[in-house]
Number of protein chains: 2
Amino acid sequence: MTRQKPVTVNDIARACDVSRATVSLVLRRSPLVNVDTRARVEAELKRQHYVYNRAAANLRRRTSSSVALVINDLSNPFFAEFAAGVDEALGAEGYVTLLGSTNESPERQQAVLDSLLEHGPAGIILSPAEHSDGEAVRRVVGITPLLVFNRALAGGDWDFLALENERGARLATEHLLSLGHRRIAFFGGHGDSSSCRQRRQGYIDAMSAAGIRPDANWLVECAPTRVAAAHETGALFERDPLLTAAVCYNDNVALGLMLGLQARGTRPGTDFAITGFDDIPEAALSTPPLTTLSVDPRERGRQAAQLLLQRVQSPDEAPCNLVAPVTLVVRGSSGGAHVPKADHA
Amino acid sequence: MTRQKPVTVNDIARACDVSRATVSLVLRRSPLVNVDTRARVEAELKRQHYVYNRAAANLRRRTSSSVALVINDLSNPFFAEFAAGVDEALGAEGYVTLLGSTNESPERQQAVLDSLLEHGPAGIILSPAEHSDGEAVRRVVGITPLLVFNRALAGGDWDFLALENERGARLATEHLLSLGHRRIAFFGGHGDSSSCRQRRQGYIDAMSAAGIRPDANWLVECAPTRVAAAHETGALFERDPLLTAAVCYNDNVALGLMLGLQARGTRPGTDFAITGFDDIPEAALSTPPLTTLSVDPRERGRQAAQLLLQRVQSPDEAPCNLVAPVTLVVRGSSGGAHVPKADHA
DNA sequence: CTGAAAGCGCTTACAG
DNA sequence: CTGAAAGCGCTTACAG
């Protein structure tokens, strides 16, 4: 450990024969300091490879230059893109991102928040783990501004950035209806998740508007993963063998359903129509490519960062509730010419 | 801005009628302090919702509890998984991750490093942007321990964690050879990237060992993206129409090549055999599924974190050069029964 | 325009 | 076992 001592304002001040205060003024680009002095100090700063100790400055100024970003599932490209967007926007505002990943575990989420808070972030962006305890989050977070992304979290009056879940599912359902489908399932997701409930609502609304009352059998729960969805494919047709299409909770579920269909000899897009949600990169690549809802996660990340920084500026305004737009991307999975137009009027 | 003042050791000390030193001792779990005193202090800590100010502690102790993680492309699932692994392992050791993403821009990389260093990380894990300037990195990084991942970076004697590029490409090539292919291309990547050169070498070695001298035309450059690869598909067959297989630089290239083949009516896995590299999630999902090399990026992340923390402990040992194992995953893209066995002896 | 002094929240020898 | 004092690297009134 022959770590040499880092160079400080003191070293610079001594070398330039000025006070530390003057050096500090130069660092903070104060207009008060004489041009010559400034030049001398800046030269010395460069010469000695001075690096600013932001932690010390933050301590003294009682400020923060970091934001905590806590993500439930970084291996999901949707959230990885979101994280990239957050980091990009925070960086542009001079903040640094403290990353925490929870792998969908509420316990790890508490631990991660705990640890990140000790570093005094100006705020927190949280994409909550499934089954998060909002009260517990509130307790550990205290008065640090918090923005919740994607899934609603009860227990506090925090800012919330959501997706147009309802409208998205409605668009997908209307699209299938316009192709002549009537017996359409809503497949995947858990009823206790806010995003799933909203997407179901959009589906139900669209069906109702078309004069169709969705059968209770047409709502099929399953974990939002590819494997689970592939597994549940059989259950779908046990519920109703006459189904011709499904609005899926998200792309992973839709892709899993495709695999499940292929395994039973049913051709997705030809014998059975499918829509997803998210437009992850795989969606365009599957066979057939997946009709889905595009949400631009990177842009959501930028948006989240901006909203949070606004809140940091004005902590006392009423919390905001934003819903980000989604757009329907029609591809092959929702059917070509061959999809059976079942029993329509 | 009615931010109330956070509670400090002072508040606790006053409330318990002990000195700040004693409170500090309790916080750091020193065995020196009386059990009763400890209990009283701990109760008060809880009662006042004390949160430790790690930045202040780090300042005084001249330590750090963060590590910077700089990633060239977070939207690539390979690197996102890597980041998740790094964060997981750092968290387990009590470190927090300072995230920076560069989007493959060397300029942004310099800016990001600059900014992160002001937060005094104990070390840096860097997955370099393409065409990074090692000297410039060295300059800004100074004496902070740095571990380079994935792509070699000249200009400093830092630790390096790489993949078994050469062996991986060799395995893929041997696999194709064992299926009877002789006219095998190496497709994609840029010759100025260390990982591409190594993979090419493995390909050439395997071919040579089988008594085949790869034609210069069989080495086709292209950017490591899906779109670029799909575009270059024509060029591949212009070089040599008799090719029956290609070892691709990575999965993205392989998937792009598949699209390109399909567009010209050539069936991947049936008329033409393909291998990838990385085993990204899409690989198992494509049609046909992609034969590729699995590298377990999350585990690489954990490994990188551990290596770096070791280096933080002992900065003066010789830099290490680790190569992480890869394993061949055989799937449909390298050919079923129908792949033509061209002109073999 | 510049300097001396105090202080951000913590820890660490050093006495006792 | 506990306290008083000094100090980590910075900034901010306050004088001058």
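The values are calculated or read from the model by the stated rules, or taken from the named source; none is laboratory data. From a predicted model like this one, the values you see are computed outputs, not experimental measurements. Neighbour counts are summed over all protein chains in view; Cβ atoms, including those assigned to glycine, are modelled from backbone coordinates with ideal geometry.
At a glance:
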| quantity | calculated |
| --- | --- |
| Residue ID - farthest from the other protein chains (Cβ to nearest Cβ), chosen from residues in segment B:57-68 that are in a helix (DSSP H, G or I) and more than 17 Å from A:L98 (Cα to Cα) | B:R61 |
| Selection within segment A:38-87 - over 22 Å from B:A122 (Cβ atoms), buried (at least 17 other Cβ atoms within 10 Å of the Cβ) and within 16 Å of DNA strand C (Cβ to nearest atom) | A:R38, A:R40, A:V41, A:E44, A:L45 |
| Single match in A:G180, A:G202, A:G269, A:G188 (criterion: of a type outside the set (K, R), free of Cβ contacts under 8 Å to residues at least 40 places away in the same chain and not assigned by TED's automatic domain parsing to the domain that holds A:E81) | A:G202 |
| Any chance B:E93 is surrounded by fewer than 19 Cβ atoms within 10 Å (Cβ to Cβ), within 13 Å of chain A (Cβ to nearest Cβ) and either of a type in the set (V, I, T) or touching a residue at least 12 places away in the same chain (Cβ under 8 Å) (or both) | yes |
| Residue within segment A:12-32 that is touching an Asp or Glu at 6+ places or on another chain (Cβ under 9 Å) and not hydrophobic (A, V, I, L, M, F, W, C) present | no |
| Flag if A:R108 is part of a helix (DSSP H, G or I), exposed (fewer than 15 other Cβ atoms within 10 Å of the Cβ) and at the interface with chain B (Cβ under 9 Å from one of its Cβ atoms) | no |
| Unmet criterion (only one of (1) assigned to a loop (DSSP other than H, G, I, E, B); (2) β-branched (V, I, T); (3) closer than 27 Å to B:T291 by Cα) for B:T144 | (3) |
| Evaluation of A:G94 against (1) of a type outside the set (F, W, Y); (2) within 16 Å of DNA strand D (Cβ to nearest atom); (3) not assigned by TED's automatic domain parsing to the domain that holds A:P128 (one fails), failing number | (3) |
| Segment A:96-105: number of residues that are surrounded by 23 or more Cβ atoms within 10 Å (Cβ to Cβ), facing chain B (nearest Cβ under 9 Å) and over 13 Å from the mean Cα position of the chain (by Cα) | 5 |
| Hey, B:L243 in contact (Cβ under 8 Å) with a residue 60 or more places away in the chain and either part of a strand (DSSP E or B) or among the aromatic types (F, W, Y) (or both) or not | no |
| Failed item in (1) of a type outside the set (F, W, Y); (2) more than 29 Å from B:V227 (Cβ to Cβ); (3) buried (at least 24 other Cβ atoms within 10 Å of the Cβ); (4) within 14 Å of chain B (Cβ to nearest Cβ), with A:R311 passing the rest | (3) |
| Criterion: over 44 Å from the mean Cα position of the chain (by Cα) and without any contact (Cβ under 8 Å) to a residue 60 or more places away in the chain - qualifying residue of B:N53, B:N34 | B:N34 |
| Identity of the residue in segment B:246-272, farther than 18 Å from B:S294 by Cβ and part of a strand (DSSP E or B), that ends up farthest from the other protein chains (Cβ to nearest Cβ) | B:A246 |
| Tally, over segment A:1-50, of residues that are within 14 Å of another protein chain (Cβ to nearest Cβ), within 13 Å of DNA strand D (Cβ to nearest atom) and not in a loop (DSSP other than H, G, I, E, B) | 3 |
| Residue in segment B:107-115 that is of a type in the set (S, T, N, Q), free of Cβ contacts under 8 Å to residues at least 12 places away in the same chain and within 16 Å of DNA strand D (Cβ to nearest atom) present | no |
| Residue satisfying all of: in segment A:125-135; surrounded by fewer than 24 Cβ atoms within 10 Å (Cβ to Cβ) and in contact (Cβ under 8 Å) with a residue 60 or more places away in the chain; nearest to A:N76 (Cα to Cα) among these | A:E130 |
| All positions within segment A:244-283 that are closer than 14 Å to A:S334 by Cβ and out of contact with any Ser or Thr (no Cβ under 9 Å at 6 or more places or on another chain) | A:T244, A:R267, A:T270 |
| Selected residue (only one of B:R213, B:R298 is assigned to a helix (DSSP H, G or I) and not acidic (D, E)) | B:R298 |
| Residues (away from chain A (no Cβ under 12 Å) and surrounded by fewer than 19 Cβ atoms within 10 Å (Cβ to Cβ)) located in segment B:283-295 | B:S294 |
| Single residue of segment B:231-274 satisfying the filter (small (G, A, S) and within 27 Å of the chain's Cα centre (by Cα)) that is farthest from B:Y203 (Cα to Cα) | B:G256 |
